[in-house]
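> Before I ask anything, here is the structure I am working with.
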Amino acid sequence: MAGLRGPRASRIYWRDAALTFGPFLVAVIAAFWIAFHYVRPAPPRTLVMTSGVAGSTFQVSAERYREILARQGVTLKVLPSQGSLENLKRLSDPKFQVDIGLVQGGLSSQGDPGRLMSLGSVFYVPVLVFYRARQPIRFLSELQGKRIGIGREGSGTRVLAETLLKANEIDAGRARLLDLEGKAAEDALLQGRADAIFVMGDSATRETMRELVHSEGIRLFDFVQGDGYVRRFRFLNKIELPPGSIDLGRNSPAETLTMVAPTVELLARTDLHPALSDVLIEAAREVHGRATLLQPAGTFPAPLEHEYRVSDDALRYYKSGKTFAYKHLPFWVASLVDRALVLLLPIAVLLIPGVRIVPLLYRWRISGRIYKRYGELMALERVAFGQTTADQRADLLRRLDEIERRVITVKLPGSFADQVYVLRQHIDFVRNRIVQGGGRAAGPIPAQQQVPAAR
């Protein structure tokens with residue numbers, strides 16, 4: 001078996017191994033590459049949130065988000081703003097460094113909804129219209145010709161106020177619209193410099209709204225056409241306050257008060273890390289999930305489809321909650337485990353079965369060279385079994401010698417030598433039959449010479 005040794009034989013073995021193991025290794029590398037391509041990097045440790053005016057509901061909520069995220073090791077930077085409209089424009093501008101923000105409904109036309117996704121609606125922000133009058137007014141159209149504070153540019157209050165007034169045929173030509181909000185709007189109304197003001201949570205503090213509710217001579221507008229407003233503006237919701245719900249001692253309101261309110265969306269850019277999506281919704285549940293004057297406990301956050309697409313990660317969370325890792329491990333450890341599982345998927349799918357199958361394919365490839373010679377030997381023996389002449393037997397012996405030469409010179413690993421020597425014994429058996437005469441029966445093959453079963 002000298003032909004099985006030396007550098008050339010080693011090259012043959014390596015070629016067999018490469019042809020057998022090579023495609024498998026290429027498949028594993030490709031699977032790892034695909035997994036690595038789709039696995040996201042570790043979530044960032046810092047997020048930027050655009051909030052609202054100092055002291056506003058938006059700003060107060062953002063500060064609570066900051067405290068909650070800090071417990072998970074995530075730093076939240078809160079950027080003050082003029083309100084919902086500025087928040088929406090910041091989020092829609094790819095050049096502005098911001099990740100999330102609170103935006104009230106009714107403003108989507110002012111931004112780019114395609115760049116954004118919603119993590120859910122988080123609370124109602126009612127449209128509060130305070131006015132000074134001896135008798136209650138029933139319709140916003142009665143404010144025609146009045147001095148109306150509608151909020152500053154950049155606030156959601158202004159956009160919504162202009163929308164509702166326009167629906168009642170009131171614009172700058174039919175009323176005096178004042179750029180007032182928050183405390184300035186409150187002072188103007190109390191001092192008689194304004195007849196009505198629009199106040200909302202993105203641009204006014206809770207103290208301002210509380211003081212106005214309890215101010216003598218100031219009334220809160222009752223949207224008696226609430227159903228009509230909700231039908232016309234799909235982003236609005238109708239909310240009813242029963243008598244005494246604001247102040248039981250003063251029985252305020254004295255009768256059921258109807259308000260309209262858009263929901264506030266927790267918006268994020270589409271590249272927000274999925275792991276942070278869960279953390280933010282958890283924070284929103286802690287901040288906004290309790291019962292308030294406007295909502296029962298557990299109403300928010302909720303995946304309400306309004307003007308922005310609810311993200312797939314948010315929908316998954318609302319449907320089934322956090323994944324197993326994030327339920328039972330600290331946030332950053334769970335994030336590492338989550339990404340590691342994606343990278344280990346090729347091992348589970350390919351490597352584990354491959355470790356068993358590929359060696360069998362390698363042995364099958366090597367054994368195939370031996371079995372090929374067995375096929376030639378059987379064909380030759382069938383010819384020799386019949387009546388043959390001396391010349392025919394001589395030709396059969398030459399062909400048999402050629403088969404044996406190929407067996408001797410075949411390049412095989414030493415672990416297959418036993419099969420080669422058994423084949424050569426069978427070649428000798430057939431040679432004896434030819435020499436003795438193909439038609440005469442020969443003795444049985446000794447047990448040690450029988451063809452080994454295919455491995």
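> Name the single residue that is farthest from residue 135 (Cα to Cα) among those in the stretch 208-242 being within 42 Å of the chain's Cα centre (by Cα) and among the charged types (D, E, K, R).
234
> Give just the number: which of (1) in contact with a Lys or Arg (Cβ under 8 Å, 6 or more places away or on another chain); (2) open to solvent by 40 Å² or more (accessible area, probe 1.4 Å); (3) in a helix (DSSP H, G or I) does residue 224 not satisfy?
(3)
> Mind counting the residues in the stretch 214-241 that are among the aliphatic types (A, V, I, L, M) and in contact with a Pro (Cβ under 9 Å, 6 or more places away or on another chain)? If you could, list the steps in order and put the result at the bottom.
Applying the first criterion (among the aliphatic types (A, V, I, L, M)) to the stretch 214-241 yields 218, 220, 224, 230, 236, 239, 241.
If we keep only those that are in contact with a Pro (Cβ under 9 Å, 6 or more places away or on another chain) as well, we get 220, 236, 239, 241.
Of the residues in that region, 4 qualify.
> Specify the residue that is farthest from residue 373 (Cα to Cα); the eligible residues are those in the stretch 400-427 that are under 59 Å from the mean Cα position of the chain (by Cα) and either charged (D, E, K, R) or assigned to a loop (DSSP other than H, G, I, E, B) (or both).
The selected residue is 413.
> Can you give me the ranges of the strands (runs of 3 or more DSSP E) entirely in the stretch 106-153 with at least 1 residues that are of a type in the set (Gly, Ala, Ser) and open to solvent by less than 10 Å² (accessible area, probe 1.4 Å)? Spell out how you get there, then give the answer.
Numbers: elements: 116-124, 128-132, 147-149.
Passing ranges, in order: 116-124, 147-149.
> Consider residue 203 against the criteria (1) within 21 Å of residue 287 (Cβ to Cβ); (2) part of a helix (DSSP H, G or I); (3) of a type outside the set (Lys, Arg): it satisfies all of them except one. Which criterion is unmet?
(2)
> Residues to consider are 194, 161, 188; find the one that is over 45 Å from the mean Cα position of the chain (by Cα), closer than 17 Å to residue 143 by Cα, modelled with pLDDT of 90 or more and assigned to a helix (DSSP H, G or I).
188
> Checking the conditions here, which among 120, 145 is under 22 Å from the mean Cα position of the chain (by Cα) and on the phi > 0 side of the Ramachandran plot?
Working: 145 fails: under 22 Å from the mean Cα position of the chain (by Cα).
Going through 120, 145 in turn, the sole match is 120.
> Specify the residue that is nearest to residue 116 (Cα to Cα); the eligible residues are those in the stretch 227-253 that are assigned to a helix (DSSP H, G or I) and open to solvent by less than 70 Å² (accessible area, probe 1.4 Å).
Taking the stretch 227-253 first, the residues assigned to a helix (DSSP H, G or I) are 227-232.
Applying the additional criterion that residues be open to solvent by less than 70 Å² (accessible area, probe 1.4 Å) yields 228-230.
Numbers: 228: 30, 229: 27, 230: 25 Å.
Here the residue is 230.
> Next up: Sort out which residues of the stretch 254-297 are in a loop (DSSP other than H, G, I, E, B), of a type outside the set (Val, Ile, Thr), open to solvent by 20 Å² or more (accessible area, probe 1.4 Å) and in contact with a helix residue (DSSP H, G or I) (Cβ under 9 Å, 6 or more places away or on another chain), and write them in order of number. Break it down into steps so the answer makes sense when it comes.
Here is the first cut: in the stretch 254-297, the residues in a loop (DSSP other than H, G, I, E, B) are 254-256, 270-273, 289-297.
From what's left, of a type outside the set (Val, Ile, Thr): 254-255, 271-273, 289-291, 293-297.
Filter once more, so that each one left must be open to solvent by 20 Å² or more (accessible area, probe 1.4 Å): 254-255, 271, 273, 290-291, 293-294, 296-297.
Passing the criteria: only 273.
> Given the condition open to solvent by 10 Å² or more (accessible area, probe 1.4 Å), of a type in the set (Ser, Thr, Tyr) and under 29 Å from residue 231 (Cα atoms), answer yes or no: does some residue in the stretch 70-81 qualify?
No, every residue in the stretch 70-81 fails to be open to solvent by 10 Å² or more (accessible area, probe 1.4 Å), of a type in the set (Ser, Thr, Tyr) and under 29 Å from residue 231 (Cα atoms).
> Right, here's the next one. Test of understanding: among 115, 174, which residue is of a type in the set (Lys, Arg), more than 17 Å from residue 268 (Cα to Cα) and at pLDDT below 95? Walk me through how you get there before you give the answer.
Values: 115 fails: more than 17 Å from residue 268 (Cα to Cα).
The unique qualifying residue is 174.
> Moving on to the next point. Taking the conditions exactly as written (within 22 Å of residue 106 (Cα to Cα), surrounded by 16 or more Cβ atoms within 10 Å (Cβ to Cβ), within 43 Å of the chain's Cα centre (by Cα) and among the charged types (D, E, K, R)), does residue 179 satisfy them or not? Write out each step before concluding.
Numbers: within 22 Å of residue 106 (Cα to Cα): yes; surrounded by 16 or more Cβ atoms within 10 Å (Cβ to Cβ): no; within 43 Å of the chain's Cα centre (by Cα): yes; among the charged types (D, E, K, R): yes.
Spelling it out, it is not the case that residue 179 is within 22 Å of residue 106 (Cα to Cα), surrounded by 16 or more Cβ atoms within 10 Å (Cβ to Cβ), within 43 Å of the chain's Cα centre (by Cα) and among the charged types (D, E, K, R).
The values are calculated or read from the model by the stated rules, or taken from the named source; none is laboratory data. Fair warning: this is a prediction, and the values are worked out from it, not measured in the lab. A quick note on method: Cβ atoms are made from the backbone with ideal geometry, for glycine too, and the neighbour counts reach across all protein chains shown. Heavy atoms of the whole protein, side chains included, go into the accessibility calculation; ligands, DNA and RNA do not. Shrake-Rupley method; radii C 1.70, N 1.55, O 1.52, S 1.80 Å.
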